[in-house]
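The values are calculated or read from the model by the stated rules, or taken from the named source; none is laboratory data. Every value quoted in this text rests on a predicted model; they were computed, and no experiment measured them. Positions of Cβ are backbone-derived with ideal geometry, glycine not excepted, and every protein chain shown enters the neighbour counts.
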Amino acid sequence: MRYMTSTEIRNMWFDFFKSKGHAVIESASLIPEDDDSLFFINAGVTPLKKYFDGSVVPDNKRLTSIQKCIRTNDIENVGVTKRHQTLFEMMGNFSVGDYFRNEALEFAYELLTSEKYFAIPKEKIYVTVYVDDDETANKWVSLGLDADHVVRLEGNFWEIGSGPCGPDTEIFFDRGEKYDPNGDALDNFRKDEDQERFVEIWNNVFSQYNSEPGKERSEYKELPHKNIDTGAGLERWCCIFQDVDSNFDTDLFVPIIKKIEELSGSTYHGETPFKVIADHIRALTNALSDGCVFGNSGRDYVLRRLLRRSVRLGRKIGFEEPFMYKLVDTVVEIMKESYPKLEENKATVKSLILEEEKLFNKTLSQGEKKLSELMETNKDSKTISGYDAFKLYDTYGFPFELTLEYLEEEGFTVSKEEFDKYMEEAKKLAKDARKDDLGMNIQNEALLNFTKESKFTYEKFELDSKVVGLFKDGEETDSITDEGYVVTEETPFYAEMGGQVADIGTITGKGLNADVVDVKKAPNGQHLHKVIINEGSIKLGDKLTLKIDEERRKRIRVNHSATHIIQKMLQDTLSSNIHQAGSYVDDERLRFDFVYTGKITDDNIILVEDKVKEFVANNYKTNIMEKSLDEAKEMGAMALFSDKYKDVVRVVQIGSSIELCGGTHIECTDEVKNFAILGVESKGSNLYRLEATTNENVVTLINKACANYIDSIKTQLAKAQDILYNAKKDGIELDFNVKLEEDQKASYRAIIYYKKELERVQGEVKALEKKYQEEKSKKFSSNLDSYTDDKKEINGVEVVIKKLDNADMNSLKDLIDKVANGLKGIVFFINAKGDSANFLCKSNSDKVKAGDLMKKVCEFTSGRGGGSPTFAQGGASNITDYDKVIEFITNEIK
């Protein structure tokens, strides 16, 4: 065996399989293509499904890849165990109807044991096989493994529901006796129990059977084309070939952890926060680079959860301000050779993470405010309930540990047992919800077989209809009494589709009162109403009244029609080649993603906003038609390139805007009473996202967008007042007459105005600060003699040791240069700030090195510091006697 870097492992993997006739497949994006069942690519084989299901024949039936993957089903274990990661890289070799078991095992054995490749002694290799798989067991022995290194296990059979399946063989590496302190690792390994000595490094799946429900495995039929699917975790291979204790000690993680140490000022000794942050920043950087964003649902929320977990844990090692974005450069440096796109998207990724960190810090501030209110309410009892602590966590993301710290400081108590009880209930609900969602996907057999007709009616907000289908826990049922899914013959409820959110409302009947909280489309086109029953029950055949939230629907349809108008105005003002890349519409705002190969200025955005307002002022009526797809194309109707359309399509025409769309729309543009763009941002790779809003939400959301700029301006002005106050105390007169001029426009112009105002004020304050420092420095060093009056000569070295109080560090650095300039010796400044101090040292002497002296002084004062032989700086807290510090410095020079 040899030591190998991650890059060397990657290259050797590809070199070997290329020599065996495999085509190298580039790692796919983490965002699955045409697969809504997954948030992220979670296995090396996932992007290759089109080859294995026979829908596409590859040019080469032998394939190899190293695929980046994200798995989030076990986030809580990341950083706790040695080998759990969210982002990992899966090395794999695949055969699509070409070679099978014998060749696959020969390749694996050669790659692992050959001196030309990884050179693992065969004594270090153990394998597991399926209990009845004699072929695989015998093949391993024939290749050279000892028979007692082959372990048969019932669990070595890969099978997920109906479809292709087969036995698999897992390859393990023996890490040696140091990972077997009790001498029982081999027994535990043979019993498929946890141990640390034998680590799985590679799994080979022999996909040769077709799984059929209700049949024994012995009855499965063989597939006409047998396939090989393998997976080997790069992180684990690095752990093995770098001979380290855990994945976090490899070259994939160590540089990140060192950067965390540098930024936090804390030293890593295996603590969980370091590992979690290092893992999560890898996942975030790669996912955001591939086009993901932070949000409140789906994969977007997974990323938000990863970041918030990192920020919360970051507080435990000293982080108070945003820091995650500062780690992106390190991740990119480690991975850019394999994934060049990371370098291209680095700036965008850092910006997204920084904004999300700021948002979460603001959320935590809201939690602090709520906690203060709770303490005020409960000041007599000096306790808050576990439920209140849970709500702080659930609503504001406020960690229980942080709540406990605040309460203990104020003499309050809280029941952790009660908090844990509510946490467990929430986890159970989340788990049940995941089960329910899984049961309602297109692979659900009950829904696939459900073919009763259900009609959606656009024009009505309320109607009576009969129940034709009920579903609970993924199964069809005759009645529901609490919550489940309802299908009726006719419905006014719009199902979530095409970026438009679903309607909500009520379903009522005799003795029944139920809320409709979501609506999705079933595989055969019916609208599935997710209901929560407040009173009564729902049975098959019931005649019920379905009523949507009418006002909400009207707000949604105004926003939806606005997306159509925006697209047309973007094309008219910027480029006819602009096309939609996605959208999201709810009752508050709209989001429109589009592709444009150019830069967008603030003036462009203002022009588009004006054009939209001009357009709606023409009072165009909306014309909705059903046309053949060919007729719609002849009309010039716009469509999403990624969508698949039927022969007859729904065409929505609003003035010159013509699109294929199944959403709900206004009857006339005069329903758009007001319109404003809230912002446009680049999402990378010529992709832009525009956010806007309409009608009563305009003023509220524009003010909200401006508020951040206004707060920043006020902060700058307050900073200026502090500078003026301090200058006056120092006897320095400065002029500053900058004020905030308010703008009341409820449009994007207001956002631009305050953005420019912030830039202007920042510039003025920066100039003021610079002027203050210059004047202060002049005054500070105006009488150099006062600093050299106490000059001593020690062993032929001129020495100035001076204690100052609360001096500005920039001025001190300038001063120490000037004092040392005329001195053949050493200058040491102690800048006292109460019980703490900053140290500066400048040396022009060969006898005393500034860095060495600084280290000794910092060690004496329990501080930190160092530097070069000519200049050094440091600091310490809890200094009780400055005279002793000066005495120590003097003695060290002696």
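Here are a few things to note about the model shown:
- Unmet requirement for CYS239, which otherwise passes all of (1) buried (at least 16 other Cβ atoms within 10 Å of the Cβ); (2) closer than 30 Å to LYS50 by Cβ: (2)
- Contacts under 7 angstrom Cβ, first residue in segment 787-816 being on the phi < 0 side of the Ramachandran plot and not assigned by TED's automatic domain parsing to the domain that holds GLU769, partner of a type in the set (Val, Ile, Thr) and modelled with pLDDT under 85, 6 or more apart: VAL800/THR788
- Matching residues in segment 252-270 - criterion: being surrounded by fewer than 16 Cβ atoms within 10 Å (Cβ to Cβ) and not hydroxyl-bearing (Ser, Thr, Tyr): PRO255, LYS258, GLU261, GLU262, GLY265, HIS269, GLY270
- Those residues of segment 392-405 which are without any contact (Cβ under 8 Å) to a residue 40 or more places away in the chain and buried (at least 16 other Cβ atoms within 10 Å of the Cβ), in sequence order: LEU392, TYR393, TYR396, PHE398, PHE400, THR403, LEU404
- Within segment 522-556, the residues that satisfy the criterion of being surrounded by fewer than 22 Cβ atoms within 10 Å (Cβ to Cβ), closer than 26 Å to GLU453 by Cα and under 32 Å from the mean Cα position of the chain (by Cα) are PRO523, LYS530, ILE532, ARG553.
- Count of segment 718-756 residues which are in contact with an Asp or Glu (Cβ under 8 Å, 6 or more places away or on another chain), modelled with pLDDT of 85 or more and either among the β-branched types (Val, Ile, Thr) or in the same structural domain as PHE675 (by TED's automatic domain parsing) (or both): 3
- Every residue from segment 494-549 that is within 19 Å of TYR584 (Cβ to Cβ) and not in a strand (DSSP E or B): TYR494, ALA495, GLU496, GLY498, GLY499, VAL501, ALA502, ASP503, ILE504, ASP549
- Looking at ALA707, ALA692, ALA676, just one residue is farther than 22 Å from GLU614 by Cβ and among the aliphatic types (A, V, I, L, M), and that residue is ALA707.
- LYS391 being at pLDDT below 85, among the basic types (Lys, Arg), under 19 Å from THR363 (Cβ atoms) and assigned to a helix (DSSP H, G or I): yes
- Any chance SER868 is touching a residue at least 40 places away in the same chain (Cβ under 8 Å) and within 27 Å of GLU262 (Cβ to Cβ): no
- Where a residue in segment 203-220 is surrounded by fewer than 16 Cβ atoms within 10 Å (Cβ to Cβ) and its partner, wherever it lies, is part of a helix (DSSP H, G or I), with Cβ under 9 Å and at least six apart: GLU212/GLU219; PRO213/GLU445
- Within segment 716-771, tally of residues that are among the aromatic types (Phe, Trp, Tyr), closer than 29 Å to SER811 by Cβ and crowded, with 16+ Cβ neighbours inside 10 Å: 1
- Residue within segment 663-676 that is modelled with pLDDT of 95 or more, of a type in the set (Ser, Thr, Tyr), touching a helix residue (DSSP H, G or I) at 6+ places or on another chain (Cβ under 6 Å) and assigned to a helix (DSSP H, G or I) present: yes
- Number of the exception - LYS611 against (1) modelled with pLDDT under 95; (2) outside any loop (DSSP other than H, G, I, E, B); (3) in contact with a helix residue (DSSP H, G or I) (Cβ under 7 Å, 6 or more places away or on another chain): (1)
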